[in-house]
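The values are calculated or read from the model by the stated rules, or taken from the named source; none is laboratory data. Owing to the predicted nature of the structure, the values given are computational and were not obtained by experimental measurement. Backbone-built Cβ (ideal geometry, glycine too); neighbour counts: all protein chains shown.
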Amino acid sequence: MAENHADFIVLGAGPGGYACAFRAADLGRKVVLVDPRATLGGVCLNEGCIPSKALLHAAEIIREARHGGDWGISTGKLSVDLGALRTRKNGIVAQLTDGLTGLARRRKVQTIRGTARFTGAGTLDIDGEGWSFDQAVIAVGSSPVQLPGWPKDDRIWDSTDALDLREAPKRLAIVGGGIIGLEMATVYSALGSQVTVIEFMEQIAPGADAEAVTILRAVLEAEGITIHTGTKVTGVKGSKAALTLTCEGGFAGDIKADAAIQAVGRRANGHVVDPQVAGVDVDDHGIIAVDETCRTGVDGIFAIGDVTGNPMLAHRATHQGHVAAEIASGHAAALDTDLIPSVAYTSPELAWAGLTQAQAKERGIAHKVASFPWAASGRNLSSGGGDGLTKLVYCPETHRVLGATLVGRNAGELLAECVLGMEMGASLKDIALTVHAHPTLSETVAFTAERALGTLTDL
């Protein structure tokens, strides 16, 4: 018999895990939250979403200062104190993790620092202590993918190392042109590194709208970032002077770098808690399959977040956490993952949700497309914005919006209106007849709808 018993236990304290634990506590459950870290928040808060956004904000300040001359504003010679920037970043993380600790305490959620593993369908081992439980939620997240065949070298970083901000290397190679790679390129380019992005697929930000990606790529390259798509790294060697990355495909040859970031995605951590011992299926990629209520194939055991596969995004995990807590507590809930927004916090930002034009075509879904160029947005131009785009994919018969893509300043914020519209089944007319304040970037959404309807007067 286990020495300890949990009514409701959550394994992992990332965005999904703590959201699940807190929601269950609000519903009257006695909750235990287990995580090997000393702080709550998981990868996202401690070494992912939040620290990266802090550094991206710093990068934006640097870029604004460098382009101040275009507005007749001179800031003199620019300098960056990496130590002070690192301290600022860490302070923001500490403020938020301390806040989570307080929220757990006020909800009477018992937090345990430790590593849990299943020992049976209703039992766990947590650092040598036996536990039994009535219901459990697996929320153990994911880890950076490590490319095979690379040497062990302190100059080879994963995303966590990159956010530690050890230095701004003179030459930085980033392998992987997805969201993480592009955000790191944005940060280190602003800090003065000569950045080269190497992407295996034919476009950066794979899966995003090709037209919007073309705009983003042009801006990144104008900022001095070199991008090679359709390119594979076939070998890496380290010497005292530099790392040498040998490439083939779109770019064939050697790339010299003082540091390299592996940013080729993340792998689900399903195997770390031995779910198969409890009868829970986990595939070779560490992914645990769940239904729309976050149930696994074992009664009383749920899984949420990155461990359930793509899209591996914090906001998806949070909503899954709420669903799992509510279902486990006898309430009706479910999550449709078709409308999970994605945002690359680059400069400019790239954001999308729902169907892209290419996806609609591939799936044989009847659709039309309308777009509005940000070169015609007064707010964009008067705020120092460059090229940008708002694009809507819609049903030609009902005019319901099926997908949205935006590229430009604050695109991630603007996307929320489109997601809400799609969730509520909004038509182009609903959006076009909604009065948007002028001048705002949000007008571009209404202008796009008007263009599709033939009522636009701003082009």
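Pick out the one residue from A370, A358 that is over 16 Å from N410 (Cα atoms), surrounded by fewer than 16 Cβ atoms within 10 Å (Cβ to Cβ) and aliphatic (A, V, I, L, M).
Numbers: A370 fails: surrounded by fewer than 16 Cβ atoms within 10 Å (Cβ to Cβ).
When all the criteria are applied, what remains is A358.
Of the strands (runs of 3 or more DSSP E) entirely within the range 225-280, those holding at least 3 residues that are surrounded by 15 or more Cβ atoms within 10 Å (Cβ to Cβ) and not aliphatic (A, V, I, L, M) occupy 231-238, 243-249.
Scanning the range 188-201 for residues that are outside any strand (DSSP E or B) and of a type in the set (S, T, N, Q) gives S189, S193. The set of residues in the range 393-421 being part of a helix (DSSP H, G or I) and surrounded by fewer than 22 Cβ atoms within 10 Å (Cβ to Cβ) consists of G412, E413, L414, A416, E417, V419, L420.
Working only within the range 38-79, note down all residues that are modelled with pLDDT of 95 or more and of a type in the set (K, R). Once the filter is applied, which keeps residues that are modelled with pLDDT of 95 or more and of a type in the set (K, R), the range 38-79 yields only K53. Within the range 435-457, identify whether any single residue is surrounded by fewer than 17 Cβ atoms within 10 Å (Cβ to Cβ), within 26 Å of E223 (Cα to Cα) and not assigned by TED's automatic domain parsing to the domain that holds E223, and answer yes or no. Yes, the conditions are met somewhere in the range 435-457. With respect to being β-branched (V, I, T), in contact with a helix residue (DSSP H, G or I) (Cβ under 7 Å, 6 or more places away or on another chain) and over 30 Å from A116 (Cα atoms), I227 fits the description.
Rundown of residues vs (1) surrounded by fewer than 20 Cβ atoms within 10 Å (Cβ to Cβ); (2) part of a helix (DSSP H, G or I), yes/no style:
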residue: P148; (1), (2): yes, no
residue: D161; (1), (2): yes, yes
residue: P169; (1), (2): no, no
residue: I174; (1), (2): no, no
residue: T186; (1), (2): no, yes
residue: Q203; (1), (2): yes, no
residue: G207; (1), (2): yes, no
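Applying the set (1) surrounded by fewer than 16 Cβ atoms within 10 Å (Cβ to Cβ); (2) within 28 Å of L406 (Cα to Cα) to D283 leaves exactly one unmet item: (2). Within the set A38, A25, the sole residue that is assigned to a helix (DSSP H, G or I), of a type in the set (G, A, S) and surrounded by fewer than 24 Cβ atoms within 10 Å (Cβ to Cβ) turns out to be A25. The single condition among (1) among the β-branched types (V, I, T); (2) surrounded by fewer than 19 Cβ atoms within 10 Å (Cβ to Cβ); (3) touching a strand residue (DSSP E or B) at 6+ places or on another chain (Cβ under 6 Å) that V307 does not meet is (2). Mind listing just one residue for me: the one in the range 373-392 that is in contact with a strand residue (DSSP E or B) (Cβ under 7 Å, 6 or more places away or on another chain) and among the hydrophobic types (A, V, I, L, M, F, W, C) and, of those, surrounded by the most Cβ atoms within 10 Å (Cβ to Cβ)? Checking each candidate, the answer is L392.
Among the residues of the range 273-290, the ones that are within 22 Å of the chain's Cα centre (by Cα) and on the phi < 0 side of the Ramachandran plot come to 5 in all. Scanning the range 178-188 for residues being over 13 Å from the mean Cα position of the chain (by Cα) and touching a residue at least 60 places away in the same chain (Cβ under 8 Å) gives a total of 3.
The set of residues from the range 24-45 being within 19 Å of Q320 (Cα to Cα) and either of a type in the set (D, E, K, R) or touching a Cys at 6+ places or on another chain (Cβ under 6 Å) (or both) comprises D26, R29, D35.
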